[in-house]
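Beneath this line is the structure, given in structure tokens, with notes to follow.
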Amino acid sequence: MRDLAELHSQYSAGKYDLLAGVRSAEDTLTEGQSYRSDQLFASARYRLTDRLALRISRDQSIDSNSNVDYPTQTTVGADYKLSDTSTFFADQA
């Protein structure tokens, strides 16, 4: 069973989008083992053109970091809008 709580705030201005928040994720297995990650996270996105945007995000564990689905990590990426309904993206963590 997974319990997940997240609170975040987002700000957009012109070509910039910023997001920051806190997260707590805990998985409890049927054997009773528990794996938890408590994190602060932030991300920024900058639109270079109407079609191309660059992103960076950081998930930082602050108390426990045992949930493998929510590790401490930094991710950089790019989005390319192919059409109104399709976007190509690439991420590197």
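The values are calculated or read from the model by the stated rules, or taken from the named source; none is laboratory data. On a predicted model such as this, the values are computed, not experimentally measured, just so you know. A quick note on method: Cβ atoms are made from the backbone with ideal geometry, for glycine too, and the neighbour counts reach across all protein chains shown. Surface areas here come from the heavy atoms of the whole protein model, side chains and all, with no ligands, DNA or RNA. Shrake-Rupley method; radii C 1.70, N 1.55, O 1.52, S 1.80 Å.
Quick notes
- Inter-part distance where segment 3-33 and segment 61-76 are each reduced to a Cα centre, Å: 11 Å
- Based on Cα contacts under 8 Å between residues 6+ apart, the chain shows a relative contact order of 20 percent.
- Sequence-distant contacts, meaning Cα pairs under 8 Å at least 6 residues apart, place the relative contact order of segment 1-43 at 37 percent.
- The Rg/Rh ratio for the chain, using Cα coordinates for both the radius of gyration and the Kirkwood hydrodynamic radius, is 1.08.
- Once the 1.4 Å probe is applied to the protein heavy atoms, the chain comes out at 70 Å² accessible per residue.
- Spin-label model, A42 to S12: label points 7 Å out along the Cα-to-beta-carbon direction sit 2.1 nm apart.
- Nearest-0.05 FRET efficiency for T87 and I62, computed from C-beta distance (R0 25 Å): 0.20
- Between S43, S61, S83, the residue with the greatest mean-square fluctuation in the GNM of the chain (Cα pairs under 10 Å linked by springs) is S83.
- Around the Cα centre of segment 10-82, unit charges on the Cβ atoms of Lys, Arg, Asp and Glu (plus for the first two, minus for the last two) sum to a dipole of about 620 debye.
- Whole-percent carbon and sulfur share, accessible surface of the chain, 1.4 Å: 56 percent
- Mean-square fluctuations from a GNM of the chain, with a 10 angstrom spring cutoff on Cα atoms, peak among G32, G21, G77 at G32.
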